1. For L17 and Q140 in one chain, what is 0.36 nm times their gap in residues minus the Cα-Cα distance, to one decimal in nm?
2. Determine how large the accessible area of L5 is when every protein chain is in place; take a 1.4 Å probe and give Å² rounded to the nearest 10.
3. Per residue, what accessible area does the stretch 187-230 have, given a 1.4 Å probe and all protein chains present, in Å²?
4. Roughly to the nearest percent, how much of the accessible area of the stretch 180-247 is carbon and sulfur, given a 1.4 Å probe?
5. If I model a spin label at N71 and A285 as a point 7 Å from the Cα along the Cα→Cβ vector, what separation in nanometres do I get?
6. With a sphere of radius 11 Å drawn around the Cβ of Q121, what net charge do the other residues whose Cβ falls strictly inside it have (Lys, Arg +1; Asp, Glu -1)?
7. Determine the sum of side-chain charges near P80: Lys and Arg each +1, Asp and Glu each -1, restricted to other residues whose C-beta is under 15 angstrom from that of P80.
8. What accessible area per residue comes out for the stretch 46-128, rounded to a whole number of Å², with a 1.4 Å probe?
Amino acid sequence: MREYLLTLCITAAVTYLLTGPVRKFAIVAGAMPEIRARDVHREPTPRLGGIAMFFGLCAGLLVADHLTNLNEVFAKSNEPRALLSGAALIWLIGVLDDKFEIDALIKLGGQMIAAGVMVMQGLTILWLPIPGVGNVALTQWQGTLLTVALVVITINAVNFVDGLDGLAAGMVCIAAGAFFLYAYRIWYSYGIEAAAPGTLFAAILMGMCLGFLPHNMHPARIFMGDSGSMLIGLVLSAGAISITGQVDPDALALFTGSEKAAVHQTVPVYIPLLLPLTIIAVPAADLVLAIVRRTWRGQSPFAADRGHLHHRLLEIGHSHSRAVLIMYFWSALIAFGALAYSVNSASMWIVLGVVFLSAVGLVLLLLPRFTPRAPQWAQAFVPPRYRRRRAEEAAEAVEAASGESAPADDRAPVTAGTTGVNGATALGPRSRAAKDRKVRI
């Protein structure tokens, strides 16, 4: 565990220290695209944050290769080298897209090639554990197609959710944390060495996200861009492939009595990790909804719009920071809820806890729909938005004295998008002076 934590800290430190110089390089290189209609930030912000994250990945792998215990991962498996090859390719495509805005189909082709490079070096799904059946071996073509599909879906799910400051990095960090605990349990508790690469990938992924988040939280000083979002999506999918497609459930049968029992014991997390969409369920749901929405309108599935889940949160009145925290909450609830259920699926307390937290999350989600006002004695203990304004109190006093209702406010409601202010986040049109405003390096 100490070596995993050391690798995580080194990765986070390198990513954090390099993000500042990378920001200056992005400004000089002109990687600061114009603000689009679907964006929620108001000032041009440099991209290319994925450069720092990629070098953090390289530093983490380099350090792990020189540690006493983690060195065995590199000696017994080719998966770290496969990950580095695929990550370098997808990172290069992302850098070109951040600078030159390459076509979506070209990016999709690059994602498939990066996945194919990892498959060629051994990072692929070899079998599927099916509950009640046992191990089902896959042919080479079946494993290749399933691996490529998993990588491409995960990359685009993470890329789709990268719409608010700190959102994608935080959600992937939460998913990687849950994944790390699950993989470490398989490696340490059952002594299965094949789970060590997936555990290492999860630790490095957490370090990449934690090192970048201080620069990316609202208001963000730099964006990770496609070079970062596609990179962390690929690393997350590589860990899932390594655990699910490489670890033989028959090894668990030594402790559970049979292969079928081993597969059944690891449900419902072992199977969902095959498709890590349950760990990144929020961006995956956003991906599916976006494709259906755009296809229904007759648009291309790759056409950008303002209908993502984080845009909806802003539209109903949440501030930028609170929308991000809500997305964090649901990601953590799904990931760690599944993790807890895998440890003890017979515990009713876990199910009740998940149900209770889900109810709390729904209340927080719909909170802007209700604007309760605190009583006079509680004014000093609640946020300003829930305090009773003096004008409202005066209007209520006049209404109570005269018996007539106060005149209604005939101003049009503020909506997210092209006009007005939404929550605590200004989404209105930029002033002309903003175009001439220079970004300080």
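1. 40.1 nm
2. 90 Å²
3. That works out to 29 Å² per residue.
4. 63 percent
5. 4.7 nm
6. Neighbourhood net charge equals 0.
7. Numbers: positive: K76, R81; negative: E3, D65, E72, E79, E193.
Local net charge: -3.
8. For the stretch 46-128, the solvent-accessible area averages 42 Å² per residue.
The values are calculated or read from the model by the stated rules, or taken from the named source; none is laboratory data. In this text the structure is predicted, and so the values were computed from the model without any measurement. Glycine gets a Cβ as well: all are built from the backbone with ideal geometry, and neighbour counts include every protein chain shown. Heads up: the accessible areas ignore ligands, DNA and RNA and are worked out on the full protein's heavy atoms, side chains in. Shrake-Rupley method; radii C 1.70, N 1.55, O 1.52, S 1.80 Å.
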